[in-house]
1. I'd like the full set of residues that are free of Cβ contacts under 8 Å to residues at least 12 places away in the same chain and of a type in the set (Lys, Arg), limited to region B:17-51.
2. Out of curiosity, is A:Leu7 more than 24 Å from B:Ser130 (Cβ to Cβ), at pLDDT below 90 and surrounded by 20 or more Cβ atoms within 10 Å (Cβ to Cβ)?
3. Restricting to region B:47-72, what's the tally of residues that are at the interface with chain A (Cβ under 8 Å from one of its Cβ atoms) and either of a type in the set (Lys, Arg) or more than 13 Å from A:Ala70 (Cβ to Cβ) (or both)?
4. Taking the criterion of being more than 7 Å from chain B (Cβ to nearest Cβ) and of a type in the set (D, E, K, R), would at least one residue in region A:23-43 satisfy it?
5. Are there any pairs, at least 6 apart or on different chains, whose C-beta atoms fall under 8 Å, with the first in region B:85-110 and more than 7 Å from chain A (Cβ to nearest Cβ) and the second among the polar types (S, T, N, Q), and if so, which?
6. From B:Ser81, B:Ser13, grab the single residue that is at pLDDT below 90 and touching a Ser or Thr at 6+ places or on another chain (Cβ under 7 Å).
7. So, in region A:1-22, how many residues would count as being of a type outside the set (Gly, Ala, Ser), under 9 Å from the mean Cα position of the chain (by Cα) and more than 7 Å from every other protein chain (Cβ to nearest Cβ)?
8. Could we say that A:Ala76 is of a type in the set (A, V, I, L, M) and more than 7 Å from chain B (Cβ to nearest Cβ) here?
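The values are calculated or read from the model by the stated rules, or taken from the named source; none is laboratory data. Here the structure is a predicted model, which is why all the values come from computation and not from measurement. With ideal geometry, Cβ positions are generated from the backbone for all residues, glycine too; neighbour counts draw on all protein chains shown.
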Amino acid sequence: MDNTQLLLALSTALFAIGLAGVVIRRNLLVMLMCMELMLNGVVLSLVTLSQQAASTTGAVLVFLVFVVAAAEIAIAVPIVLLLARRKRTLDMDAFTDLKG
Amino acid sequence: MQQALLWFFVLASLAGGLLMLVLRHPMRVALALISTMVSLAAIYAILGVHVIAVFQVLIYVGAVMVFMVYAIMLLDVRDPSFTHRYSGYLLPGLAGAAVLVVAFVRGLAGSTPAVMGAGVGTTFDVQPFSVAFLNDYWLYFELTSVLLLAAVVAAIAILKARRRGNG
């Protein structure tokens, strides 16, 4: 297995672990962190392939993804804290009334 | 040597990811995620993409995860979601993730190895990156600053909503 395949397999594994974490964990903050793990897996594949192609475009795209992730966390964490203050818990089952 | 280091950091990031699924307390999950992110930064450095490695440490570990750790410390540790780890979707979630991994890795193993050689050993220094960034992609740079401004305004709006909800 050469390095590119190894790194792409790792990025798939990280994405799948993050997806499993979002589905199986109860705590809202842990789910948020698993989403970050999924994003990291995708970024790893992007970096690997852009390093293969020797292009700076991929690096710029990765930088923009980082900025978007930072903005996402800056909004998501206050929302989670707001939900936790309203329901006094971070358990996912407490938020079933958000279903449409 | 480099190959051994690459394998070490690949296994370390995988172990950190798996620990995120089994650890109970969110603070430990956050520390596992931080170790995964640092291992990924090391992988980027081994690949020669130093700019991205620095950004990974600065933005992800330095900003995002510190914010997350602060949020965890603000919360009540007697929360029932801290003691019961898994929701009712434990088996379907794990099965779905396993199917995803097996399908992707089988597809990867069946494919012909990518054309190596062209980009191997290319280093991404700060200078070519920043020249490309500010010459060709200045519009996206400005758009990200607009996005960050929107995020700041949204965070302040959420804070206001919280105060109104309490008062």
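1. Passing the criteria: only B:Arg28.
2. So A:Leu7 fails the test.
3. 7
4. No, because not a single residue in region A:23-43 is more than 7 Å from chain B (Cβ to nearest Cβ) and of a type in the set (D, E, K, R).
5. B:Ala109/A:Gln5
6. B:Ser81
7. Of the residues in that region, 1 qualify.
8. Answer is yes for this residue.
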